[in-house]
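Input: a single structure, listed below in structure tokens.
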Amino acid sequence: MSNKGSGSDGCRLYLITPPALDPLAFRDPLAAALDAGDVAAFQLRLKDVSDDVLRRAIDTLRPVVQSRGVAFLLNDRPDLAVAHGCDGAHVGQEDISAAEARTILGDLTLGVTCHNSRELAFDAGEAGADYVAFGAFFPTTTKDTKFHAEVDILAWWHELMELPSVAIGGITAENCAPLVKAGADFLAVSGAVWSHSEGPAAGVRAMNAAILTGS
């Protein structure tokens, strides 16, 4: 999961699934999105589903993602990520601890939600995270958000640390420029791509164009 991409400092797109999906029906829109432009990572994020549902989704979608050189990350479950050939996992503050996730994942990628907290970001880095995620920066309907992050946390982290940062929360092609300018290494988006009026491929193209323009 490299941040060497289209922006001036390598800011790249990080796709997160819609809150619910049918894996078989989702394969083609996913392939179209990944083929439309630069994507660094894809996170499968399905809350409140059984392990069997997660396994089927992983096994259906992972080949689509990895065959295109994109990192396939699983939300919440580093154990299933290891067992099913994922490239890593992302954990929140209410999930398994970052330190425990690091132990389970070994050399695989670990991302950690840090909300709007500098302290949580430092703790994640010390626990071995490969990136920290800040947000939400804008209102979002994809998930319930209890925290709001300001753009200056990205600039502060970018100046201070080499560990990559992910900006998340209501990010669109129209509002992402300040995040790119502040030094975000990745922009995590869901609705901006999957709900784009012209389809997911157009959503990816729009986001990549906006990242380049905003850099």
Matching residues, segment 155-179, being hydrophobic (A, V, I, L, M, F, W, C), in a loop (DSSP other than H, G, I, E, B) and closer than 18 Å to ASN208 by Cα | ILE171, ALA173, CYS176
When every residue in segment 102-112 that is in contact with a strand residue (DSSP E or B) (Cβ under 7 Å, 6 or more places away or on another chain) and in contact (Cβ under 8 Å) with a residue 24 or more places away in the chain is compared, the one surrounded by the most Cβ atoms within 10 Å (Cβ to Cβ) is GLY111
From ASP185, ASP130, residue being among the charged types (D, E, K, R) and in contact with a Leu (Cβ under 7 Å, 6 or more places away or on another chain) = ASP130
Could you figure out which of (1) in contact (Cβ under 8 Å) with a residue 60 or more places away in the chain; (2) of a type in the set (Lys, Arg); (3) in contact with a helix residue (DSSP H, G or I) (Cβ under 6 Å, 6 or more places away or on another chain) isn't true of ARG68?
-> (1)
Can you give me the number of residues within segment 116-160 that are without any contact (Cβ under 8 Å) to a residue 60 or more places away in the chain and within 19 Å of LEU44 (Cα to Cα)?
-> 10
Here are some residues: LEU54, LEU44, LEU34. Which one is in contact with a strand residue (DSSP E or B) (Cβ under 7 Å, 6 or more places away or on another chain), at pLDDT 95 or above and hydrophobic (A, V, I, L, M, F, W, C)?
-> LEU44
Going through segment 180-215 in order, the residues found to be crowded, with 17+ Cβ neighbours inside 10 Å, of a type in the set (A, V, I, L, M, F, W, C) and either free of Cβ contacts under 8 Å to residues at least 60 places away in the same chain or assigned to a strand (DSSP E or B) (or both) are ALA182, PHE186, LEU187, ALA188, VAL189, ALA192, ALA206, ALA210
If you go through THR141, THR145, THR113, the only one that is assigned to a strand (DSSP E or B), polar (S, T, N, Q) and closer than 22 Å to PRO178 by Cβ is THR113
Meets criteria (in contact with a strand residue (DSSP E or B) (Cβ under 6 Å, 6 or more places away or on another chain) and of a type in the set (S, T, N, Q)) for SER190 | yes
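The values are calculated or read from the model by the stated rules, or taken from the named source; none is laboratory data. Bear in mind the structure is a predicted one, so any value in this text is a computation, not a measurement. Positions of Cβ are backbone-derived with ideal geometry, glycine not excepted, and every protein chain shown enters the neighbour counts.
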